[in-house]
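A.B. asks: Please read through the structure below; I'll follow up with questions.
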Amino acid sequence: MFSKSNPNNFPLENLRLTKNNVGVVQVVQALGPHWVEDRTLSLYTPAPNKGKNDLGALQTWKDSMQWLIDDLKWLLSLEYHRFWSQIVHHTPCMDMLVSFLQEAYPPYLPMHEDKSVMDLYNEAYKKVLIVFSRLITNKESADKWMENPYLGKLIYDKYIFTIPIIWDLCLTYGTTNKNHMVKLLDAIFYLQPKYYVDLGIAIAFLKQVFEFVSFKLGNNTSSTLPEVFKGFSQNFGGQKSQTSSANNELSLRTLNDFIMYILDSVVTMKLFLELHSPARKVFREKEFHISIVNFYENTITKMYEKVQLLSNNENESSNASNHLDNMRVELIDSFRFIISTTIDEILSGEKVEENVSVYLTILTDSLSEKAFVKDYNAMYPVDVDLDILCQAYTDMDPVKCDFILQAVYANYDETERRIPKVFNNTEANHLSNGVDGHSRSESPVVNPNNDIPEEAKTQSLISEVRDILPDLGDGYILKCLEHYGFNAERVINCILEGNLDESLTKLDPQLPIIPSDALDEQYLKTGIERLNVFDNDEFDVMTKDKIDLSRVHKGKRKFKHKNLSEMLNDKSYINKMKDSYAKYGLISEENEPDMYDDEYDDTYDDGARDLVSEATAELVRKPVSKSIAFKDAEESEDESEDNEGSSSNSKPADQFCENPEVLRARYQARRDIKYGQRTNVDRDVVGKAKGQGQDKDVLVNRQKKAVNKSVRGNHNRRTGAQWKRSQGVLPS
């Protein structure tokens, strides 16, 4: 027995537990061989084919498969420290998991036909993924966890995860559990970045595999197997091929082994690049794209030839060709993932100039391989990528772009204007009949009316031809472009060499573009020829299916009023205007703050208010009414209350016209304030004797005198006298 408690929540690498071993209580590490259960675990083997004569083979496989599922369930049921102790210190656990990854059905092969077989397979398929997911989980609960650095070191040092295991996981689960695999791979490389170093070594191994297959297919002039490839030969054809020529000893079985091995490798590589995008940069730095291009151009072509030469029947040839077609698609996708790292960094603004140079260099290096460039352009049009890069990087060299595009389209025959832009990855039918992308039995028929450029692009092509041949008319150039599939270079070449089609030589070279008539277009669409001022209006039933019937009135329209007298006597509009006029009756309350008066003049605020009479100042500071119509009436009422002191003489609030005398008095007060006609007010600026202190009013008056002394004369006589002396008016 042992203690399950971890009250201090120690990580697994620091946790020590007590264990009762035959009556002896020991304190041992939570992660150690003490917790390992010596159990025989089952290994996965592929299901036998349904056509075998041994009827008991299938039942035997089902029994072994059930044992495997029970072992996986037992492993998952172990507690956290027992689970990790079993994985680390019991080697058969990893052997069981790896056996399933190595023998599982790949996505490019069909599944078993028996439903009972697939039910057992799917259950084991799910359990294995759960086990590997638990292996990268550092924390299952508060008391069951380990530090990330320790977990990363553990899975790396104990070979729990390796690059081959990671690639097998991608091949087995990459198509059915894509999102889960993305998280799993990110966690593995996050926990242990050393896997990127191992990835570089694995990429070098893949390059050697490509070179070995190329050598075995006769792409090397030497008949002696290089020393670096002698380890591969034991897996393909035995020792016999080491000393003999590759061409003579290659059999159909060996060729199929090559095809399946390369197909398995490239599918795995493509899925890995798709699921873990940071790895794409490592492949680019190792220049694996160059190996892809060379292998695609040289080796796959040889494979097609060998298949046709060594196949005994059409069925064998068809199966091998289908695998080669899938291989080509996966290689092109892998190349795309590698080169897309530069495009992604350009669009994100990271080292734009450097990545543009790398992208153009990769494309330029690949242009010499015609078959690869042609198929790559079919799946991922180069002109679309260049257009995107030109928008993201304005300093793109147009000469390089033109050179790349011309080199790409130079691979097409004259009957081909452009390879289709849409390429189906799931069905490799576009590539199923030959390396050059054409059917072996017949040439592709390209309809010149397909993909006609838009009006702006058509005008651009016309301008391109007219720049070289300015004596030709736009209409004549357009006819030539339509005939040759809107290929401006071919039109220019045919005109200069005099190889135009006979139908074009009969046309007038000065033919202009005659715009189409709108009436002719309408006649072609509807079959109706009409000449009317009401054509195409909103009520034209000949060209429109739906008309707004609410705007159509049949018969004499009835008006609201019968005659002029009835219309004048109708006062219903008064009720509609009551709400508007009611707003003018809102008068400001006494407790409301003063409102803004845009007629108020603050020019003499500093000194003018003290010179104005108390009655006038009070008049200026009266609150303003909210109503525009009764504004003057309220001011007149306030003035009469201050001057006369009687509320009996105040005018009613709803009085519309004000007393003209009050208006004239108010106007005169405003003029007095504005033009400085103020009453003399004596201000004390002398104050008390020195040393006795001064009142606040004296200090304020002194300040106002100093500020406003410029409005009086003789305040700067000394300055005037000095000026007169300088002019010689007064004697010095």
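A.B. asks: Could you tell me what fraction of 2.2 N^0.38 Å the Cα radius of gyration of the stretch 148-208 comes to, as a two-decimal ratio?
C.D. replies: 1.14
A.B. asks: Computed FRET efficiency, Cβ-Cβ of Arg683 and Gln727, R0 35 Å: what is it to the nearest 0.05?
C.D. replies: Values: r = 36 Å, r/R0 = 1.04.
The computed FRET efficiency comes out at 0.45.
A.B. asks: Across every pair of different alpha-carbon atoms, what Kirkwood hydrodynamic radius in Å does the stretch 455-494 reach?
C.D. replies: Details: mean 1/r = 0.1033 Å⁻¹.
Taking every pair of different Cα atoms in the stretch 455-494, averaging 1/r and inverting gives 9.7 Å.
A.B. asks: Then there is this: Averaging over all projection directions, find the projected area of the Cα convex hull of the stretch 270-426 and quote it in nm² with one decimal place. Mind dumping the intermediate values first?
C.D. replies: On the way: hull surface 42.0 nm².
Average projection, Cα convex hull of the stretch 270-426: 10.5 nm².
A.B. asks: Sticking with this one: Relative contact order of the stretch 1-137, please, whole-number percent, based on alpha carbon pairs below 8 angstrom and at least 6 residues apart.
C.D. replies: Numbers: 129 pairs, mean separation 33.9, N = 137.
Value for the stretch 1-137: 25 percent.
A.B. asks: When the chain is fully extended, how far beyond the present Cα-Cα distance does Asp397 get from Thr719, taking 0.36 nm per residue of separation?
C.D. replies: On the way: separation 322, 0.36 × 322 = 115.92 nm, distance 7.51 nm.
Roughly 108.4 nm would be gained on extension.
A.B. asks: Cβ neighbours within 10 Å, averaged per peptide: list 157-170, 356-369 in order, most packed at the top.
C.D. replies: Ranking, from highest mean packing down: 157-170, 356-369.
A.B. asks: Here's something else I'd like to know. By per-residue mean of other Cβ atoms within 10 Å, what is the highest-first order of 288-300, 89-101, 461-473? Numbers along the way, then the final one.
C.D. replies: Working: 288-300: 20.6, 89-101: 18.1, 461-473: 14.5.
For the peptides 288-300, 89-101, 461-473, the packing ranking is 288-300, 89-101, 461-473.
A.B. asks: Taking 20 °C and 1.002 mPa s as the conditions, I'd like the Stokes-Einstein D for the stretch 1-139 in µm²/s, using the Kirkwood hydrodynamic radius from alpha carbon pairs. Display every interim value, and only then the final one.
C.D. replies: On the way: Rh = 17.2 Å.
Roughly 125 µm²/s, to the nearest whole number.
A.B. asks: Sort 539-551, 175-187 for me by packing, meaning the mean count of neighbouring Cβ atoms within 10 Å per residue, highest on top.
C.D. replies: Values: 539-551: 9.3, 175-187: 16.2.
Highest mean packing first, the order is 175-187, 539-551.
A.B. asks: So if R0 is 41 Å, what FRET efficiency would Val707 and Arg664 give, r being the distance between their Cβ atoms, rounded to the nearest 0.05? Spell out each step's value before the answer.
C.D. replies: Numbers: r = 33 Å, r/R0 = 0.81.
After rounding to 0.05, the efficiency reads 0.80.
A.B. asks: Quick check: with the 1.4 Å probe, what order do Phe403, Phe205, Phe132 take by accessible area, largest first? Walk me through the numbers before you get to the answer.
C.D. replies: Numbers: Phe403 115, Phe205 95, Phe132 0 Å².
Ranked list, largest accessible area first: Phe403, Phe205, Phe132.
A.B. asks: Applying 1/(1 + (r/R0)^6) with R0 = 56 Å to the Cβ-Cβ distance of Glu147 and Lys690, what FRET efficiency is obtained, to the nearest 0.05? List each step's numbers first, then the result.
C.D. replies: Numbers: r = 86 Å, r/R0 = 1.54.
Once rounded, the FRET efficiency stands at 0.05.
A.B. asks: Over the Cα atoms of the stretch 348-389, Rg to Rh with Kirkwood Rh, two decimal places? Mind dumping the intermediate values first?
C.D. replies: On the way: Rg = 11.4 Å, Rh = 11.2 Å.
Answer for the stretch 348-389: 1.02.
A.B. asks: Right, another one. At what distance in nm do the modelled label points of Ser463 and Asp537 sit from each other, each positioned 7 Å from its Cα along Cα→Cβ?
C.D. replies: Here the answer is 4.1 nm between the modelled labels.
The values are calculated or read from the model by the stated rules, or taken from the named source; none is laboratory data. Fair warning: this is a prediction, and the values are worked out from it, not measured in the lab. Note: ideal-geometry Cβ built from the backbone for every residue, glycine included; neighbour counts use all protein chains shown. Side chains included, ligands, DNA and RNA excluded: accessible areas come from the protein's heavy atoms. Shrake-Rupley method; radii C 1.70, N 1.55, O 1.52, S 1.80 Å.
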